[in-house]
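Take a look at the structure set out below.
The values are calculated or read from the model by the stated rules, or taken from the named source; none is laboratory data. Quantities reported herein were computed from a predicted structural model and do not represent experimental measurements. Cβ sites come from the backbone with ideal geometry, for glycine too, and all protein chains shown count toward neighbours.
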Amino acid sequence: MDDHPLVREWLSALINQQPDLEVCGEADGAPGALAAIAELRPDAAVVDLTLRKGSGIELIKDLRRLRPELAIVVLSMHDEPFYAERSLRAGARGYVVKREATKKVLAALRAALTGAIYVNEEFAAALLARNLGRSGASAGAERSSVEVLSDRELEVFRLLGQGQTTASIADTLSISLKTVQAYCARVKEKLGLANANELLRAAVRWLEGNAPPGR
């Protein structure tokens, strides 16, 4: 599921060309994805983290609750191990960056369907280093600091960095304005930010530091 029709069209064509794989449905956001998967009951799902409606991480968690056996693969523009780790913790079995070779999407799907975990070698090394307590040497303080945020807090922080207002974030994530404001308050507290202006500047700075190549 992806909010870009061209990406969904490319992905569907790619999968349907394989003798052992077949697309049974698609969606452009979290609500549609949950409904389609409940009805169609596929063996696997390909999820984008950045959706026009809803949160990719929260969608993965919802899918895991709905269908614990579902093999979830993330196909994302985010090329930071940070996002891969969050996705795997949420319940995904694979993480592929959109700029990677087409064959890696298929490899991730096939691995996930067997119950294995699939990430590229760079991410695997980074995740191993983090688990061994040796990571972070090359990461900036601001990038590291966001690791204290919950998945939902991080999503709000990221959307603020994109220039969205609290009202538009509430609409995007299908939560109330008061809930968004509560998340903003918690993010400010966790990151040691004094006010909304500091929060916005930090969000923009962090997003620019984590922007994928070419964007």
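Count of the range 146-185 residues, restricted to those that are surrounded by fewer than 17 Cβ atoms within 10 Å (Cβ to Cβ) and more than 17 Å from residue 83 (Cβ to Cβ), is 13. The residue list 54, 94 contains one member that is outside the structural domain of residue 173 (by TED's automatic domain parsing), under 21 Å from residue 158 (Cβ atoms) and touching a helix residue (DSSP H, G or I) at 6+ places or on another chain (Cβ under 6 Å), which is 54.
Being out of contact with any Pro (no Cβ under 6 Å at 6 or more places or on another chain), farther than 21 Å from residue 209 by Cα, modelled with pLDDT of 95 or more and not in a loop (DSSP other than H, G, I, E, B) holds for only one residue in 111, 116, and it is 111. When the range 87-108 is examined, which residues are found to be of a type in the set (A, V, I, L, M, F, W, C), touching a residue at least 40 places away in the same chain (Cβ under 8 Å) and in a helix (DSSP H, G or I)? 90, 105, 106, listed by residue number. Before we move on, is residue 35 touching a residue at least 24 places away in the same chain (Cβ under 8 Å), at negative phi and small (Gly, Ala, Ser)? So residue 35 does not fit the description; no.
No other residue among 193, 199, 207 is among the hydrophobic types (A, V, I, L, M, F, W, C) and outside any helix (DSSP H, G or I) apart from 193. The single condition from (1) surrounded by fewer than 20 Cβ atoms within 10 Å (Cβ to Cβ); (2) at pLDDT below 95; (3) in a helix (DSSP H, G or I) that residue 123 fails is (1). Does residue 84 qualify as being under 12 Å from the mean Cα position of the chain (by Cα), of a type in the set (Gly, Ala, Ser) and part of a helix (DSSP H, G or I)? Spelling it out, residue 84 is indeed under 12 Å from the mean Cα position of the chain (by Cα), of a type in the set (Gly, Ala, Ser) and part of a helix (DSSP H, G or I). Candidates 13, 38, 33: the one that is surrounded by fewer than 17 Cβ atoms within 10 Å (Cβ to Cβ), touching a Leu at 6+ places or on another chain (Cβ under 7 Å), among the hydrophobic types (A, V, I, L, M, F, W, C) and part of a helix (DSSP H, G or I) is 38.
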